[in-house]
Every structure is written in structure tokens, then in C-alpha cells.
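Following: one structure in C-alpha cells, then a few remarks.
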Amino acid sequence: MSNDAASAPSSAEPAPRPRFSDVLASVAHVEGWMTPAQARWLWDRASVLRPPATIVEIGSYRGRSAIVLASAASPGVEVVAIDPHGGNDRGPQQIKAVPEEGQRDHEAFCANLEAAGVADRVRHVRRPSQEALDAVEGPVDLLYIDGAHRYAPARDDIARWGDRVADGGILLIHDSFSSVGVTLAIVARLFFGSRFRYLGRTTSMTAYRCERLDLADRGRNALAQAAELPWFVRNVVIKALILAKLDPVARLLGHRDQVWPH
Ligand SMILES: C[S@@+](CC[C@H](N)C(=O)[O-])C[C@H]1O[C@@H](n2cnc3c(N)ncnc32)[C@H](O)[C@@H]1O
């Protein structure tokens, strides 16, 4: 046997783990709103999990964040992506259902996961999140919420899927303190709650750890989240300025592009 043959990986060996920078480059063409810093948070939280852990993503769109989660996850860690691809609640100002758009998202999602080599690592549940609670058995170790951003569905995702997060598990929420609906849902369910400690945010992605909070902790937790409200007000003002086509004024607030702050 030659040295080359001896050092070649056998088919039984697991494939080498991809690098974050390569995965980030590979999702650059996949439409979506996840920033590189947010991708890094998903990556870091997913890559520390060991089997038989479970990752659940609510809201996958065309696969940008699902590819990062699935690429980071160790073999044996289950990755579940829940998205009805119904063409509703797709992104900023795209609330009303356009089923053909949803079908296009679904096809792009499948093709993008295939191209990234993670199609067999992700179990897609094509249902609205509130009708998919029975699709995942047992506790969830990492829950990423980025589905419908209106108040009621965002609140229900935090409440009902949040209940499924294991002690010590992590909850990440996109468009926190940016979307009005998501922010109100956070205020209603997480500001004064006793189960999720606020860890911080990178732009609009917030992180919480599931643990039991005593009364003093709950006060500190509410204050830590309330400290984000000025940033929320800034984002709402920027959105109003963009809608009013007053982008130069938005730039004075430090907002450089014409997309919704996210
Ligand atoms: C902002 S996009 C998700 C972006 C994705 N996380 C990414 O990084 O590319 C929102 C997605 O939520 C999905 N969605 C809408 N209503 C939903 C629901 N009730 N349950 C789960 N997903 C939903 C939409 O189909 C859409 O694909």
C-alpha cells in the first residue's frame, strides 16, 4: 500500500468538519436576512452540541440559516427546520400569502440545502410552527425563532416552543428589538418571565439561556432587556424614514443601506 493510499480517508471515516468561513461564503448567494455576525452566533451555539441533542429552527425561508446550523452540528445532532413555505410572513412587508412565492421558496430551500451538502442533515417540517409541535419529540437544546414576525405568532412561538427548550438550552430570536411584533412578543413573554435569562444580542439576534430565575434575577433580566428599547426606537424611526423615502435622514442615525434594520 502506498503512503498516499494509507493516508487517504477511508469511506468509513466521518467527513472533516467544514470551516465557518467556508460555510459563510457558501451561503452568500442564498437570499435571507441573516448577517455574518448572526451566522457566527448560530454556528457557535450549534457546534457545541453533542448527540442526542436537537436543534429546531422556526422559519427557514431559502435555507440561509438552516445551512449554517446543519453545517455546524455534529453528526447525530438532529436539525429540524419548520417552515410551511406558504408564501406568507416571508420578510419585511411580505405578510399576505402568495402561494406561488412560497412554492418558489420551497424549491430554492431544497436546492440550496442540496448544493451545500446538508440536505440529508435537515428534517424539513412543512407546516406552520404552531401545527408542528408534535413533529419533534423530547426537549430542544437550541431553538432559533425566525418565523412569522407578527405579535401573536411570535408570542406563541416563544411561549409554546420555548416551553420545549431543555434546562440549559439556548433560545435565539431574530428581529428582536427591530420588528414591532417580535419585540412586543418578547416584552410579553420574556421581560418578566422566570425561565429565560437574557444573554445579549448581535444586531437583532437575541440569545437567552433556559434556567430558573429567582425574583431578583427576574428584575435584573427585565432591566437588561429594557436597556435595548432605545435601539428598538431607533430601528422603528429608521423604518419610518425608509418608508417616507427619507434615507439621508436615516443615514444620520447610522443606517447605511436601504433595507430594514435587522
Ligand atoms: C424571515 S424568513 C426566515 C429567514 C431564515 N431564517 C434565513 O435566515 O434565511 C421567515 C420565514 O418564516 C416562514 N413562516 C411564516 N409563517 C410561519 C409559521 N407559522 N411557522 C413557521 N414558519 C413560518 C416564512 O415562510 C419564511 O420563510
Axial C-alpha extent at least 18 Å, average Kyte-Doolittle at least 1.0 - helices from the chain (DSSP) | 229-243
How large is the convex hull of the Cα atoms of segment 161-242 per residue, expressed in Å³ as a whole number?
-> 78 Å³
Mean Cβ neighbour count within 10 Å, used as a protection proxy, ranking 184-190, 237-243 highest first = 184-190, 237-243
Starting from the residue with the highest accessible area, list 203, 35 in decreasing order, probe 1.4 Å.
-> 203, 35
Relative contact order in percent for the chain (Cα pairs under 8 Å, 6+ apart) equals 14 percent
According to the Cα gyration tensor, what semi-axes, each the square root of 5 times an eigenvalue, does the equivalent ellipsoid of the chain have, listed from largest to smallest in whole Å?
-> 32, 23, 19
Gaussian network model of the chain, Cα within-10 Å springs - most flexible of 108, 97, 46 | 97
Give me the log10 of I(q) over I(0) for segment 120-197 at q = 0.27 Å⁻¹, as the Debye formula computes it from C-alpha points; what are the numbers?
-> -1.45
Which sequence of 110, 210 reflects their accessible areas, 1.4 Å probe, from the largest down?
-> 110, 210
Protection-proxy order for peptides 220-227, 149-156, each taking the mean of Cβ atoms within 10 Å per residue, highest first = 149-156, 220-227
In the full protein assembly as shown, how much of residue 124 is accessible to a 1.4 Å probe, in Å² to the nearest 10?
-> 50 Å²
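The values are calculated or read from the model by the stated rules, or taken from the named source; none is laboratory data. All values derive from a computational prediction rather than experimental measurement. Please note: Cβ atoms are built from the backbone with ideal geometry, for glycine as well, and neighbour counts cover all protein chains shown. Quick note on the areas: whole protein, heavy atoms, side chains included, nothing else; ligands and nucleic acids left out. Shrake-Rupley method; radii C 1.70, N 1.55, O 1.52, S 1.80 Å.
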